[in-house]
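**Q** Sharing a structure here in structure tokens format.
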Amino acid sequence: MSYFIFDGVLSLGNQYELKGEEYRHITKSRRLRPGDSFLIQDQQGTRFKAILKNIDRTSLLFILHKTVAIPPTSSLRIEILQALPKQKALDSILQKTTELGISQLDVFCGMHSPKIFRISEKQHHLERWKRIVTEASKQCERQFPPEIHFHPDISTSLETLPNCQNSWILVPGETDVISWKKLKSSSDDLINHHRVLIGPEGGFHQDEIKIALRSGIRPVNLGPRILRSETAAITAVSILQFLWGDL
């Protein structure tokens with residue numbers, strides 16, 4: 001059951017007022033009425049079952065009934081480093097990888113990324129992306145959404161991000177590729193932090209591949225077929241969660 005977000009700290013037994021987008025969602029989309037119950041989570045991540053008491057034209061009043069359990073966060077930290085694809089593909093990546101439990105998603109402008117993205121509109125795009133992962137988190141009942149960041153290019157992103165020993169690039173045709181399936185049976189069974197570098201629809205430029213490999217990122221094989229950008233991201237996260245996470 002999806003939940004709503006309260007901009008503050010809640011405590012049992014008290015009555016609270018809800019305004020803004022969450023108020024409109026409850027009254028217009030969910031069409032709840034006085035006496036109905038719903039789930040609400042505060043800024044600290046505590047979730048409650050609430051009872052709707054009263055509705056007026058701009059706000060509603062609710063009282064907290066009891067705390068509810070929250071699904072545990074994945075013990076596996078997965079970060080996606082995504083070359084900017086088309087908007088529809090990125091929306092799917094943001095939504096589905098959030099549901100699968102990623103911790104962080106960093107977007108950068110790849111050499112083959114669509115040229116319609118304007119750096120001057122970075123803040124607008126970030127706010128939109130954060131809304132998408134927040135809504136996805138509410139739908140799948142995870143406690144907090146993943147972090148979202150933007151970088152102008154691959155070099156800047158790799159210089160900005162802290163070191164991750166288990167960093168991978170999804171690129172076909174490279175030599176010395178690694179199979180996660182074989183890695184699982186090695187001495188690395190307790191890997192708990194991965195970063196996966198994924199290209200846009202047009203794939204990586206050769207210069208980007210060289211930059212990634214020089215930085216210590218290792219090529220990984222996801223099979224014989226060429227995957228779309230969004231398919232690659234979802235597949236990679238699913239495999240990692242299955243091998244070392246909570247799937």
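The values are calculated or read from the model by the stated rules, or taken from the named source; none is laboratory data. Keep in mind that this is a model prediction, so the values were computed, not measured. No Cβ is skipped: glycine too gets one built from the backbone with ideal geometry, and neighbour counts run over all protein chains shown. The accessibility values were calculated without ligands, DNA or RNA, using every heavy atom of the protein model including side chains. Shrake-Rupley method; radii C 1.70, N 1.55, O 1.52, S 1.80 Å.
**Q** Over region 1-138, what number does the Rg to Rh ratio reach, with both radii from the alpha-carbon atoms and Rh per Kirkwood?
**A** Using Cα coordinates only, the ratio equals 1.06.
**Q** Over the Cα atoms of the chain, what radius of gyration and what Dmax do you get, in Å?
**A** So, for the chain, Rg and Dmax equal 20.8, 65 Å respectively.
**Q** Turning to a different aspect of this structure: For SER29 and ALA69, calculate 0.36 nm times their separation in residues minus their Cα-Cα distance, and state this gained length in nm to one decimal.
**A** Working it through step by step, the gained length comes to 11.9 nm.
**Q** How large is the convex hull of the C-alpha atoms of region 1-46 per residue, in Å³?
**A** Hull volume over Cα atoms, normalised by residue count, gives 87 Å³.
**Q** Give the cross-link partners of LYS19 among the aspartates and glutamates, using a straight C-alpha distance below 18 Å as the criterion and excluding same-chain residues fewer than 8 apart.
**A** ASP7, ASP36, ASP42, ASP56, GLU135
**Q** Taking amide H atoms as placed 1.01 Å from N in the peptide plane, list the residues 5 or more away in sequence, or in a different chain, whose amide H sits under 5 Å from that of LEU84.
**A** Under 5 Å from the amide H of LEU84: PHE108, CYS109, GLY110.
**Q** Could you state the accessible area per residue of region 18-92 in Å², with a 1.4 Å probe and every protein chain left in place?
**A** Each residue of region 18-92 exposes 54 Å² on average to a 1.4 Å probe.
**Q** Using only the alpha-carbon atoms, what does region 1-82 span along each of its principal axes? Please give whole angstrom values in decreasing order.
**A** Projected onto the principal axes, the Cα atoms of region 1-82 cover 44, 30, 21 Å.
**Q** Where in the chain lies the longest segment free of trypsin sites (Lys or Arg not before Pro) that are both loop residues by DSSP (not H, G, I, E, B) and have at most 10 other Cβ atoms within 10 Å?
**A** It runs 119-224.
**Q** Could you list, in their original order, any pairs among LYS115/LYS138; LYS28/LYS96; LYS28/LYS115 whose Cα atoms are separated by more than 28 Å?
**A** As for pairs spanning more than 28 Å Cα to Cα, those are LYS115/LYS138; LYS28/LYS115.
**Q** While we're here: Nearest-5 percent of antiparallel DSSP beta bridges in the chain?
**A** 40
**Q** Could you give me the ³J(HN,Hα) list for region 112-124, computed from phi with Karplus coefficients 6.51, -1.76, 1.60 and θ = phi - 60°, whole Hz, x at Gly and Pro?
**A** 9, 6, x, 8, 7, 7, 10, 4, 5, 9, 3, 5, 4
**Q** Shifting gears a bit: Could you check the simple spin-label distance between LEU126 and THR156, using points 7 Å along Cα→Cβ, in nm with one decimal?
**A** 1.1
**Q** Right, another one. So what's region 127-247 giving for Rg/Rh, alpha carbon basis, Kirkwood Rh from the mean inverse pair distance?
**A** 0.96
**Q** Roughly how many Å² of MET111 are accessible to a 1.4 Å probe, to the nearest 10?
**A** Answer for MET111: close to 80 Å² accessible.
**Q** Further, regarding this structure: Return the sequence-ordered ³J(HN,Hα) values of region 93-101 in whole Hz as given by the Karplus equation 6.51 cos²θ - 1.76 cosθ + 1.60 applied to θ = phi - 60°, using x for Gly and Pro.
**A** Each residue's phi maps through the Karplus curve to give 4, 4, 5, 6, 6, 4, 4, 7, x Hz.
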